[in-house]
Each structure stands twice: as structure tokens, then as C-alpha cells.
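The values are calculated or read from the model by the stated rules, or taken from the named source; none is laboratory data. Bear in mind that the values here come from a model prediction, so they are computed numbers and not experimental data. Positions of Cβ are backbone-derived with ideal geometry, glycine not excepted, and every protein chain shown enters the neighbour counts. Remember, those area values only see protein heavy atoms, side chains included, never the ligands or the DNA or RNA. Shrake-Rupley method; radii C 1.70, N 1.55, O 1.52, S 1.80 Å.
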Amino acid sequence: MNGKTIVIGVIGSDVHAVGNKIIDYALTNAGFNVVNVGVLSTQEDFINAAVETNADCILISSLYGHGELDCQGIREKCDEAGLKDILLYIGGNIVVGKQDFKDVEERFKKLGFNRVYPPGVKIEAGIEDLKKDLEIKQ
Amino acid sequence: MNEGYLLIDFGSTYTKLTLVDIKQELIIATSKAITTVETNIMDGFNKAFHLLKQKYDEKEIKIIKKLACSSAAGGLKMVTIGLVPELTVEAGKRAALGAGARVLKTYSYEITSDEINEIKQMQVDIILLSGGTDGGNKEIIIHNAEKIAKHFQSIPIILAGNKCAHDEIREIFNTHKIKYQVTQNVMPRLNEINVLPVREKIRELFMKNIIRSKGMDHAEDFIDGILMPTPAAVLKASEILSKGTDKQDGIGDLIVVDIGGATTDVHSLADGYPTKAGINLKGLKEPFAKRTVEGDLGMRYSALALLEASGEKMIKDYLSLENIKEKCSFLHQHINFVPKKEEDIAFDEALAKVATKLAINRHVGHIEIAYTPLGEVYNQYGKDLLEVNYIIGTGGVLVHSRNPDDILKEGLFSKQEPTLLKPKNPMFKIDKQYILSAMGLLAYDLPDCAYRMMKKYIIDKWEDS
Ligand code: B12
């Protein structure tokens, strides 16, 4: 255990459940305390979980292409809920079809995400970044 | 000579006695008298006891134990404090309700001075302090502990929050000489609810402190124990009936509806997992034994509040009548009113139907439909009670009604509201002898005897007829 708590889940009306299970397993193995809100989760589900568990990061998956809409206002709500400077990550297939990722990344950063991953990026990449961002010693 | 248990319910209006022959498993006699908290709680008891003695032969049965429950002197009044409204606040509230408390109000996040002042006005018996999963948020619960410690030196506190904050809070409470009890977190992990340790602490405190502070300690010289608040006894009885004991199987999932003058209580004894495939269970998990209390649904004191909650139109669905508002205010002012005239009886039954319908609607879980590109997906919040075996009615209006089933039918699943997970095909039973709370007390000592008696008096008896 590295003492860091990560809230994970799949946002919006998205039912893709397989990746979520894999992420749960991978983060737990890497020593994180994982709080999984599961598929079909609202912004509030993520935020409430993070407040009660004093989470260090909210790591969102979106696979079905509507991630941008589902994530509107999430950073503001985190601020409102007292989750000051909590890390926000997102990955999966976050937008519809193939779009220029630079552009996509910029839009999600504007929404308040700290890290944004293009399709095909494995969770291991996310774990490496978490270790950096949360200053976990190897 | 046979041995008997005397079971006593110090109710808000009546002190009710039930004498049980524990060998033959029979109800020997019952009696009641007005509860007397203002003078001496024993006055009312003695009056009822005197009446009881006229109904049985003291040479035939010897009372070997006297156990009581109580909702006198306003019941057990609590406020609960948690962190997030949908999570630890809700978990704490459920634990307190399951312990038979009246939850006057709940508080979330950092409590403010205004809220502290509000609590001061309420004369609460116990404050439940929770917040944070184990290892989760400590900051808020510690802040709230400090606030409480400064302002509530004389109210007992139950601490059931993030265990990692408990040491620090103990220090705060010790410095301020607070009376407190520590127990396991009411929500140790996200969405996991742990109500039993809190319930047991509430019961202990109720027995140790609350009885005395309500001037009920006189009773303790004569009675072996006032074990729990009355609603907790009803929940205990329902749980035994549903689950059975070490030695015998219970009758399975059930709902108890208790319609009173001021509130309508609903108890469900069921896990409430989805009964259909492909449904996601969302939100805080539910306790197997769940109690909800509707403070705005009652036959007398709350008759006006009921009207406000339902609207005239809903009452008119059951009874065409013009002066509904007048009738409700009359009942609100005459809380001991007993209907004799046909039209008053009909009005009571209409109110009872509304109370049953709304209270069960609020108690059961529901389905929310999310529309996705693939079609509809279903989320379940709360308990799925579609397949529950029994709805059991108790409380004056149901017990005295000529058509209690018609009232309980309002608790059924309806195609008009298909997302409400109400029972589809249960059997209806009535607690005719009004024994549920007594059986909850008896179950404390003799669970098998209590189980068989409830089976005999509530379930089987009415199946033959
Ligand atoms: C199986 C599947 C389904 C199943 C899901 C069953 C279930 N309950 O899980 C069903 C049939 C229900 C389904 C439905 C739909 N699907 Co689908 N589905 C797939 C499929 C074939 C596999 C998904 C999967 O399980 N992959 C395996 C897991 C392990 O990978 P993963 O989910 O991608 O997760 C990994 C990574 O993405 C990453 N990751 C995920 N989150 C994050 C977050 C961070 C921070 C990081 C670092 C990494 C990371 O790590 C995960 C673990 O390794 C994919 C195509 C594909 N090959 O990916 C399409 C796919 C995801 N589906 C798609 C679509 C469009 C749909 C539908 C809208 C179809 C429709 N038109 O009706 C619906 C939407 C339903 C809904 N409401 O969600 C599209 C999405 C396109 C887009 N975003 O532009 C895809 C990509 C197919 C495609 N190429 O068109 N689908």
C-alpha cells in the first residue's frame, strides 16, 4: 500500500465494464487504495466518493464517445465540494471517432483535467503518471 | 403453576401490558392505561397492571420476568451528523432509525454555529457523529467534534466515523469531559453500511442514561429492564419472524406497516437485491432490517401534514367528500379521537390508505432509466421488494379496521408507477393482538418462543379463516 486513494469509474450512461475491472485490478496491484464507483456513474458519484474517502485522484474512464459532454463542469463541482487541487485523469475512447488528439487534449484540459489519454493508452501509463504526480517513491 | 413473562410498552399515549405463558406459548391477557410521564410513569403502569390482574388467575401463572420498551416522553430523540448527504449522513440516519430513534434532523459537512444553536433548541437525547470512510476524510469530523465538544457537554455522543480520526477526537472529548461512546464506522468503505454496532451502542445508552433522564428510573425498581425504544422492539420482532432463529427457519422477506397518530413507520426485512437481470445497483447499500419513519403521515396529530403531502385529490380518490381540510384539522386537534360514526370510520380508512401508499412509496427502491445510444439501461436505487412474501399491518387503524387488506393493498406494485419496486403478490397479515413490540422484547430472551408465537398469532391464524 502506498497510502494514496484513487476513485475510479466509468462516467455518464456508459456501460463498458471490462476496462474498469482491469483498471481496478492494476491500480490495486500497484499499491493504491482503489474506490470503484463502477459503470454508469454521475459526476456526483465520483465527487461524493472522493470527499468521504479523501481521495488523491479521480480517474475517469469514458469509452462510448460522450466523455466531453459528461464531464462539463466537473472541476467546478470539485472546487465546490472542497476537493481543492484533486487530480483529475481521463482516458478510454473519450470522444467520437478519430479526432486530432492535440485538440481533444486541450479541450479536456480546459475542463480542468490534469491528464488526458488518447485511445489505446493502457492504464500502466496512467499508473506511471500517478506515481509522478503524487510523488510516490518507487 | 406456569411461568409467565410480563411485556410492557410504555407508549407515547398508552402503557400496554401483555402477559405471555412461555411454556404454552399463549397470550394470557392484555391491558392498557394512559401513560403517565408527568407524574410517575408507574401510576399508569399500576393502573394497567391492576386491570390485567382481573383478567387472569394469579394462582395459575407466576410472572418470572418483566421486560419493557418505551416511546414515552417523546421517544428517543437524536440528531445525526455526517459528511456527504447521500453517504455517511444517510448511513447514520439509517442506523439511528433502525435503533428506534426519532431522527429530528441530520447535518452534513462542517456544522455551523447556526446549526449548533438549532440543535440546542431541540432537546436531543443522543448525537451521532460520523463522517469519512476508514482512512478517508478526517478534517471535517474532527472539526465537528470540536464544535460539539464546546457546546454539548451534557448530551451523550456516539462516535462512529473514520476510525483514523477517532484517537484525535477522543482527546478532544476527554479534554472537554464529554460523555461519549466510540464504535465502528457506520460507513467503513464507500457505499458499505455498517449499522449494527451503532444500533447496539444506541440501545446501551438508551438503557443506561436516557431512561433516567426521562424520569423513568422509577420503573426500573420493579421491572427487570427497559430494554429498547418501542420501534426497535418492533424491528427486532420483524427480524426474527423473517429470518427465524438458530433452530428454525423464518417466513422470509416481509414488510411491516405501522400507522400511528403522528407517524407511519415502514420496516422491511429483505436484502432487496435486483430481482431482474441487467440492473445496476447504485448508491449506498441497504441494511437487511430497514426502518423508515414518515413524520408527515399520521392519522391524528399529523393528519394535516398528511393532507399537505397527498393533496385533496388523492384523498378524494378513496372517498368523495367536500370538507376534507376541516376533518383533518379536527383530527389534528383531537389526537385521542376514536371514530364511531360510519363517515368518520370511512375517513380514517381513506387516510390510512394514503399513509400506506405514500409511506411504502418512500420506503421502497426505484429504478432510474438512462437512455444511451444502445438503448435503455437501468439503475436501481434502494431495495427491490417486488418479491416480498408478506405485508403485515399494525397500529390502531389497521388493527381495528374491518377491511385491513384494502388498506394494505395500497402498498402493492402498480403498473402506473412501474419504477417503484413495491411487492407484487404478497400475503396480507394483521397484528390483531398488537403483539409485535411485546414479541420483540420476548425475542431478546426467548427467540424461539417469540418466533412461534408470532407465527401462531399473526401468520397462521388468519390463513385458516
Ligand atoms: C465490448 C464492447 C461493447 C459492449 C460492452 C459490454 C460491457 N458491459 O462491458 C456493448 C455491446 C454493450 C457495447 C455497447 C456500445 N458500444 Co462498445 N465496444 C465494445 C468493445 C468491442 C470492447 C470494449 C472492451 O471491453 N475493451 C477491453 C477493455 C479492457 O478495454 P477498454 O474498455 O478500452 O479499457 C482500457 C483502456 O481504454 C484504458 N483506459 C480506460 N479508461 C482509462 C482511463 C485512463 C485515465 C487511462 C490512462 C486508461 C484508460 O485502460 C483500460 C484497461 O486496459 C469496444 C471496441 C474496442 N475494441 O475497444 C467498443 C467501443 C468502445 N464501443 C463503441 C460504441 C460506439 C458502443 C455503442 C455506442 C454502440 C452503439 N452504437 O450502440 C454502445 C454504447 C453503450 C453504452 N451505453 O455504453 C465504440 C466507441 C467509439 C467512440 N468512443 O468513438 C467502440 C470503440 C467500438 C468502435 N470502434 O466503434 N460495446
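Below, the figures for the structure above:
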{"quantity": "Euclidean distance between Cα centres, segment A:28-67 to segment B:16-71, Å", "calculated": "57 Å"}
{"quantity": "Cβ charges +1 (Lys, Arg) and -1 (Asp, Glu), total dipole of segment A:5-133, debye", "calculated": "280 debye"}
{"quantity": "Of B:LYS236/B:LYS409; B:LYS66/B:LYS409; B:LYS147/B:LYS383; B:LYS163/B:LYS422, pairs whose Cα-Cα distance is over 30 Å", "calculated": "B:LYS66/B:LYS409; B:LYS147/B:LYS383; B:LYS163/B:LYS422"}
{"quantity": "Three semi-axes of the equivalent ellipsoid, segment B:185-283, Cα gyration tensor, whole Å, largest first", "calculated": "31, 18, 15"}
{"quantity": "Expected-Rg normalisation [2.2 N^0.38 Å, Cα atoms] applied to segment A:5-133", "calculated": "0.94"}
{"quantity": "Stokes-Einstein D for segment B:246-352, Kirkwood Rh over Cα pairs, 4 °C, 1.567 mPa s (µm²/s)", "calculated": "80 µm²/s"}
{"quantity": "Whole-Hz couplings from phi, Karplus 6.51/-1.76/1.60, listed for segment B:151-167; x for Gly and Pro", "calculated": "10, 10, 5, 9, 8, x, 10, 10, 9, 9, x, 3, 4, 5, 9, 5, 4"}
{"quantity": "MRE, 222 nm, helices only [DSSP H, n ≥ 4, -39500 (n - 2.57), over chain A, to nearest 500]", "calculated": "-11500 deg cm²/dmol"}
{"quantity": "Convex hull per residue volume in Å³, alpha carbons only, for segment B:341-465", "calculated": "137 Å³"}
{"quantity": "In Å², nearest 10: area of A:VAL15 left accessible to a 1.4 Å probe", "calculated": "70 Å²"}
{"quantity": "Total charge dipole magnitude, the protein assembly as shown, about the Cα centre, Cβ charges on Lys, Arg, Asp, Glu only, Debye to nearest 20", "calculated": "980 debye"}
{"quantity": "Averaged over A:41-51, number of beta-carbon atoms from partner chains that fall within 10 Å", "calculated": "4"}
{"quantity": "Charge dipole of segment A:8-92 about the Cα centre (unit charges at C-beta), most positive-ward option of A:TYR25, A:ILE47, A:TYR64", "calculated": "A:TYR25"}
{"quantity": "Span from the segment B:87-153 Cα centroid across to the segment B:284-298 one, whole angstrom", "calculated": "19 Å"}
{"quantity": "Point-to-point label distance, B:GLU322-B:GLU417, nm (Cα→Cβ direction, 7 Å offset)", "calculated": "3.0 nm"}
{"quantity": "Amide H partners (placed H, <5 Å) of A:LEU40, local residues excluded", "calculated": "A:VAL10, A:ASP14"}
{"quantity": "Label-to-label distance, nm, for residues given as A:GLN72 and B:GLN153 (7 Å Cα→Cβ offset)", "calculated": "5.5 nm"}
{"quantity": "Between segment A:1-20 and segment B:172-245, the Cα center-to-center distance that results, in Å", "calculated": "37 Å"}
{"quantity": "Equivalent ellipsoid, segment B:232-460 (semi-axes from 5 times Cα gyration tensor eigenvalues, Å)", "calculated": "29, 26, 13"}
{"quantity": "Amide H partners (placed H, <5 Å) of B:ILE34, local residues excluded", "calculated": "B:THR15"}
{"quantity": "Proximal lysines to B:LYS327, defined as alpha-carbon separation beneath 21 angstrom and excluding residues fewer than eight positions away on the same chain", "calculated": "B:LYS313, B:LYS316, B:LYS340, B:LYS341, B:LYS353, B:LYS357"}
{"quantity": "Among A:ASN36, A:ASN54, A:ASN93, residue whose mean-square fluctuation peaks in a GNM of chain A (springs only between Cα atoms under 10 Å)", "calculated": "A:ASN54"}
{"quantity": "Taking all pairs of distinct alpha-carbon atoms in segment B:70-111, Kirkwood radius in angstrom", "calculated": "10.5 Å"}
{"quantity": "Segment B:370-437: trypsin sites (Lys or Arg not before Pro) in DSSP coil with no more than 16 other Cβ atoms inside 10 Å", "calculated": "B:ARG402, B:LYS415, B:LYS424, B:LYS432"}
{"quantity": "For B:SER71, distant residues with modelled amide H under 5 Å away", "calculated": "B:PHE10, B:GLY11, B:SER12, B:THR230"}
{"quantity": "Rough spin-label spacing in nm, given labels placed 7 Å along Cα→Cβ, for B:LYS208 and A:LEU134", "calculated": "3.9 nm"}
{"quantity": "Size of electric dipole in segment B:76-210: Cβ of Lys, Arg +1 and of Asp, Glu -1, about Cα centre, debye, nearest 20", "calculated": "520 debye"}
{"quantity": "B:ARG452-B:GLU343 FRET efficiency (beta carbon distance; Förster radius 51 Å; 0.05 resolution)", "calculated": "0.80"}
{"quantity": "Selection of trypsin sites (Lys or Arg not before Pro), segment A:1-107, meeting DSSP coil and at most 13 other Cβ within 10 Å", "calculated": "A:LYS84, A:LYS98"}
{"quantity": "Antiparallel bridge percentage (DSSP; both residues within chain B; nearest 5)", "calculated": "45 percent"}
{"quantity": "Gaussian network model of chain A, springs between alpha carbon atoms under 10 Å - residue of A:ILE22, A:ILE11, A:ILE94 with greatest fluctuation", "calculated": "A:ILE22"}
{"quantity": "Segment A:98-110 - phi-based ³J(HN,Hα) in whole Hz, Karplus 6.51/-1.76/1.60, Gly and Pro as x", "calculated": "9, 10, 4, 5, 3, 5, 4, 4, 4, 5, 6, 5, 4"}
{"quantity": "All lysines inside 22 Å of A:LYS131 as judged from Cα atoms, apart from same-chain residues fewer than 8 positions distant", "calculated": "A:LYS4, A:LYS21, A:LYS84, A:LYS109, A:LYS122"}
{"quantity": "Top positive-direction residue, dipole computed over chain B with Cβ charges, set B:ILE34, B:ILE116, B:ALA277", "calculated": "B:ILE34"}
{"quantity": "Whole-Å semi-axes of the ellipsoid equivalent to the protein assembly as shown (Cα gyration tensor, √5λ, descending)", "calculated": "48, 28, 22"}
{"quantity": "Exercise: per-residue mean of other protein chain Cβ atoms within 10 Å, A:52-60", "calculated": "5"}
{"quantity": "Zone residues, segment B:40-62, relative to B:ASP221, backbone N less than 20 Å from point 7 Å out along Cα-to-Cβ", "calculated": "B:40-50"}
{"quantity": "HN-Hα J in Hz across segment A:66-74 - Karplus 6.51, -1.76, 1.60, θ = phi - 60°, x for Gly and Pro", "calculated": "9, x, 5, 5, 5, 9, 3, x, 5"}
{"quantity": "Residue-averaged [θ]222 nm for chain B, counting only DSSP H segments that reach four residues, each worth -39500 (n - 2.57)", "calculated": "-10000 deg cm²/dmol"}
{"quantity": "Sparse-neighbourhood loop sites, trypsin sites (Lys or Arg not before Pro) in segment B:45-129 - DSSP loop, at most 10 other Cβ within 10 angstrom", "calculated": "B:LYS59"}
{"quantity": "Spherically averaged projected area of chain B from its Cα convex hull (nm²)", "calculated": "24.6 nm²"}
{"quantity": "Leading residue at positive end of dipole, segment B:356-413 (Cβ point charges), from B:GLY393, B:ASN379, B:ILE369", "calculated": "B:GLY393"}
{"quantity": "Exercise: per-residue mean of other protein chain Cβ atoms within 10 Å, B:135-147", "calculated": "2"}
{"quantity": "Residue-count net charge about A:ILE11 - beta-carbon cut-off 9 Å; Lys, Arg +1, Asp, Glu -1", "calculated": "-3"}
